[in-house]
Amino acid sequence: MKRFGALEAGGTKMVCAVGDEQGRILERISIPTGTPADTMPPMIAFFRDKGICALGIGCFGPVDLDKNSPTYGHITSTPKLPWQNYPIVQEFRKALGIPVGFDTDVNASALGEATWGCTRDVKNSIYITVGTGVGVGVIIDGKPYHGMIHPEGGHILLHRHPQDPMEGSGCPFHETCLEGLAAGPSLEKRWGVKGAELSDNPAVWELEAYYLGQAITNYIMVLSPERIILGGGVMHQPCLLPMVRREVARQMAGYIRGKGIEDLQTYIVGVSLNDNQGAMGAVKLAMEALAEQEAAK
Ligand code: ADP
Ligand code: ZN
C-alpha cells in the first residue's frame with residue numbers, strides 16, 4: 001500500500017499528515033506557523049521517515065500555480081511577510097526528493113470532498129470556507145480550477161446591508177467584499193465578541209446569511225456548480241446553514257431551474273469528511289503528482 005504525505009499549510013498552523021490511496025489519514029501532527037526557518041525543519045523531519053512516495057500541499061495564498069512560470073510553487077504576495085515569495089514546493093522537493101503536488105488550501109479541500117466526500121457524484125462543485133478569512137475552491141470538470149492565478153472568491157464585492165452596524169470592513173483592500181463583511185474577525189469587529197459567543201442573537205446570523213446568500217447567488221450565476229459545500233469555523237453555528245439556504249432561495253427569486261437546485265437541502269451542504277477534507281485533498285494532489293511523474297518516464 002502506497003503512502004502519501006499531505007500538508008495543509010495555513011497562516012496559523014501547518015497540519016502534516018500521512019494518508020493512503022483511499023484517502024484514509026493514518027497519522028497527523030500540527031505545527032504552529034512561524035517563519036520558514038522555524039517551521040520548515042520540523043515539517044521536513046515529520047515527512048522524512050514516513051515512507052511516502054509523493055507529497056501534496058494545499059497552501060494559503062496567493063500562490064503561483066502556473067507550471068510554466070519561473071515562480072511556480074511559490075507563495076507570492078501574502079500578507080504573511082516571512083512567507084512572501086517563498087518557494088515552498090521547491091524546498092520540499094529538494095529536502096524529500098519526491099514529487100510534490102500543489103494547489104490552494106480551498107482547492108485542496110474542494111478536491112478532497114470531490115474525490116471522497118459529498119461532491120464525489122458531481123463534476124462541478126464549489127467549496128466555501130468561512131473562517132479567519134473566506135476562501136472558495138472551485139472544481140470544474142473534476143479538476144481544481146486555476147484560470148489566470150486561482151479564484152479569490154472571498155473578495156467578491158457585495159451590497160452592504162442598509163442596517164449593518166459595522167463601520168468599514170474587515171478587509172484592508174475592499175470596503176464591501178464577502179471576507180471583509182462575513183469572515184470570523186468581521187463578526188467580532190461588528191458585534192464586539194467572538195462568533196461562537198453570538199449564538200443567541202438572531203440579528204447576527206440574519207446578516208451573516210444575507211451576505212453568504214448574496215455571494216452564493218453570484219457563484220451560482222457565474223459558475224453553475226452542481227453542488228455547494230460550506231465549511232470553516234463560522235459554519236459551526238448550527239442555525240446558519242438553513243438560514244443561508246433560505247436567503248439563497250430569496251435572492252435567486254426562482255430565476256434558475258436545474259437538476260440539483262430544486263432541493264436546496266442537498267444543493268447547499270456542510271462538509272462531510274470530519275474536517276479531514278483539506279488533508280485528504282492534499283493526499284489526492286500527491287497521488288496526481290506521482291502519476292504525472294510516472295507518465296513522464
Ligand atoms: P481558519 O480559517 O483559520 O482555518 P477556522 O475555519 O476554524 O480557522 O475559523 C476560525 C474562525 O471561526 C474564527 O474567527 C472564530 O471566531 C470563528 N468561529 C469558530 N467557531 C465558531 C462558531 N461556533 N460560531 C461562529 N464563529 C465561529
Ligand atoms: Zn477583500
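The values are calculated or read from the model by the stated rules, or taken from the named source; none is laboratory data. Computed from a predicted structure; not experimentally measured. Note that each Cβ is placed from the backbone with ideal geometry, even for glycine, and that neighbours are counted across all protein chains shown. Keep in mind that these areas ignore ligands, DNA and RNA; they rest on the heavy atoms of the full protein, side chains included. Shrake-Rupley method; radii C 1.70, N 1.55, O 1.52, S 1.80 Å.
In region 220-244, what count of residues is obtained for those that are away from ligand 1 (no atom under 16 Å from the Cβ) and buried (at least 21 other Cβ atoms within 10 Å of the Cβ)? Final tally of qualifying residues: 4.
Here's the yes/no breakdown for (1) open to solvent by 40 Å² or more (accessible area, probe 1.4 Å); (2) at positive phi; (3) within 12 Å of ligand 1 (Cβ to nearest atom):
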| site | (1), (2), (3) |
| --- | --- |
| Met166 | no, no, no |
| Ser169 | no, no, no |
| Pro172 | yes, no, no |
| Leu178 | no, no, no |
| Gly184 | no, no, yes |
| Leu187 | no, no, yes |
| Gly192 | yes, yes, no |
| Ala196 | yes, no, yes |
| Ser199 | yes, no, yes |
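Among all residues of region 122-139, there is none that is without any contact (Cβ under 8 Å) to a residue 40 or more places away in the chain, open to solvent by 70 Å² or more (accessible area, probe 1.4 Å) and within 15 Å of ligand 1 (Cβ to nearest atom).
Test Glu179 against the criterion of being within 24 Å of Leu264 (Cα to Cα) and either within 16 Å of ligand 2 (Cβ to nearest atom) or of a type in the set (Phe, Trp, Tyr) (or both), and give yes or no.
Spelling it out, Glu179 is indeed within 24 Å of Leu264 (Cα to Cα) and either within 16 Å of ligand 2 (Cβ to nearest atom) or of a type in the set (Phe, Trp, Tyr) (or both).
Going through (1) over 30 Å from Arg227 (Cα atoms); (2) more than 16 Å from ligand 2 (Cβ to nearest atom) one by one, Cys16 falls short only on (1).
Considering (1) open to solvent by less than 10 Å² (accessible area, probe 1.4 Å); (2) of a type in the set (Asp, Glu); (3) within 14 Å of ligand 2 (Cβ to nearest atom), say which one Glu208 fails and leave the rest. Tallying (1) open to solvent by less than 10 Å² (accessible area, probe 1.4 Å); (2) of a type in the set (Asp, Glu); (3) within 14 Å of ligand 2 (Cβ to nearest atom), Glu208 fails exactly one: (3). Can you find a residue that is within 25 Å of Leu187 (Cα to Cα), open to solvent by 20 Å² or more (accessible area, probe 1.4 Å) and either within 18 Å of the chain's Cα centre (by Cα) or within 16 Å of ligand 2 (Cβ to nearest atom) (or both) anywhere in region 141-151? Yes; the residues of region 141-151 include at least one that is within 25 Å of Leu187 (Cα to Cα), open to solvent by 20 Å² or more (accessible area, probe 1.4 Å) and either within 18 Å of the chain's Cα centre (by Cα) or within 16 Å of ligand 2 (Cβ to nearest atom) (or both). Summed over region 92-113, the residues that are closer than 20 Å to Arg3 by Cα and assigned to a helix (DSSP H, G or I) give a count of 10. Among the residues of region 272-286, those identified as of a type outside the set (D, E, K, R) and crowded, with 22+ Cβ neighbours inside 10 Å are Asn276, Gln277, Gly278, Ala279, Met280, Gly281, Ala282, Val283, Leu285, Ala286.
Yes/no matrix, rows are residues, columns are (1) surrounded by 17 or more Cβ atoms within 10 Å (Cβ to Cβ); (2) under 19 Å from Leu273 (Cβ atoms); (3) at pLDDT below 95:
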| site | (1), (2), (3) |
| --- | --- |
| Ala17 | yes, yes, no |
| Gly34 | no, no, no |
| Ala37 | no, no, no |
| Pro42 | no, no, no |
| Ala54 | yes, no, no |
| Phe102 | yes, no, no |
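Matching residues to (1) assigned to a strand (DSSP E or B); (2) of a type outside the set (A, V, I, L, M):
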{"site": "Gly23", "(1), (2)": "no, yes"}
{"site": "Glu27", "(1), (2)": "yes, yes"}
{"site": "Ile31", "(1), (2)": "yes, no"}
{"site": "Asp38", "(1), (2)": "no, yes"}
{"site": "Gly56", "(1), (2)": "yes, yes"}
{"site": "Lys67", "(1), (2)": "no, yes"}
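Among the residues making up region 140-164, a single one is within 16 Å of ligand 1 (Cβ to nearest atom) and assigned to a loop (DSSP other than H, G, I, E, B): Glu152.
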